[in-house]
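What follows is calculated from the coordinates using simple rules that are stated; it is not laboratory data. Computed from a prediction, not measured in an experiment: that's the story for all the values here. Backbone-built Cβ (ideal geometry, glycine too); neighbour counts: all protein chains shown.
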Amino acid sequence: TPVVGVLALQGDVREHSIALAEADALARPVRRPEELAEVDALVIPGGESTTMAKLAAAFDLLVPLRERVAGGMPVYGSCAGMIMLADRLLDGRPDQQTIGGLDVTVRRNAFGRQVDSFEAELDFAELDGGPVRAVFIRAPWVESVGESVEVLATVASGPAEGRAVAVRQGNLLATSFHPELTGDHRVHRMFVEMVRARLGQPAAR
Ligand code: GLN
């Protein structure tokens, strides 16, 4: 069974841990470099990316996180976690650091105050079973992607129509929204399958 850490500095750690358990992974909180060294993969939860980045630096995790990403560890970032994985940020704090690794430009708080939080149905590439109900909370979107990045879902209608909100590049997966809040664990299952593939384990189903 894959051991998947949840970066537990700040944010909705508990909800991701539950979703991972329901997707047949062993979830472990990660706060220290020693804990990071023991996991097969990592989820970076939603929360507040500037705070998370400061805590990651203060806990001496930023460099080890970059090393694990460079070494091919699968990482799934949701919302603030997507921001943490981005190589480039728009509307970040002037000194805001990220882990990076994902060749995308992400715009923080992209949907603006009028639609701070909302839900939408998304067609999500490679997920069977119909559209994903996506919860967006002061969410970022992906403004542009590098060549090796696949866009898995875009906003279907409204002022943000066509904006990318789920992407994958190699072992990195990121969503603007929060699948850990809806009880639909298909995105977590997809990630756990990425982890199994990385470990050379057969798919669950
Ligand atoms: N707006 C937050 C940030 O900039 C992200 C919001 C979230 O994770 N729900 O980090």
Task: Rotationally averaged projected area of region 129-205 (alpha carbon convex hull; nm²) - done: 6.1 nm²
Open item on the list: With n ≥ 4 as the cut-off for DSSP H runs, can you work out [θ] at 222 nm for the chain, using -39500 (n - 2.57) per run divided by the number of residues, rounded to the nearest 500?
Closed with: -7500 deg cm²/dmol
TODO: Among GLU143, GLU161, rank each residue by its count of other Cβ atoms within 10 Å, from fewest to most, as a rough exposure measure.
DONE: GLU161, GLU143
- [ ] Compute the convex hull volume of the Cα atoms of region 3-199, divide it by the residue count, and report the result per residue in Å³ as a whole number.
- [x] 102 Å³
Open item on the list: Taking just the alpha-carbon atoms of region 1-95, what radius of gyration and Dmax come out, in angstrom?
Closed with: 12.5, 41
Open item on the list: For region 3-199, what does the relative contact order come out to in percent, with C-alpha contacts under 8 Å and a separation of six or more?
Closed with: 20 percent
Task: Cα centre as origin, Lys/Arg/Asp/Glu Cβ charges: the chain dipole, Debye - done: 320 debye
TODO: Could you list which residues have their amide H under 5 Å from that of TRP141, counting only those 5 or more apart in sequence or on another chain, with H placed in the peptide plane?
DONE: ARG107, ALA110
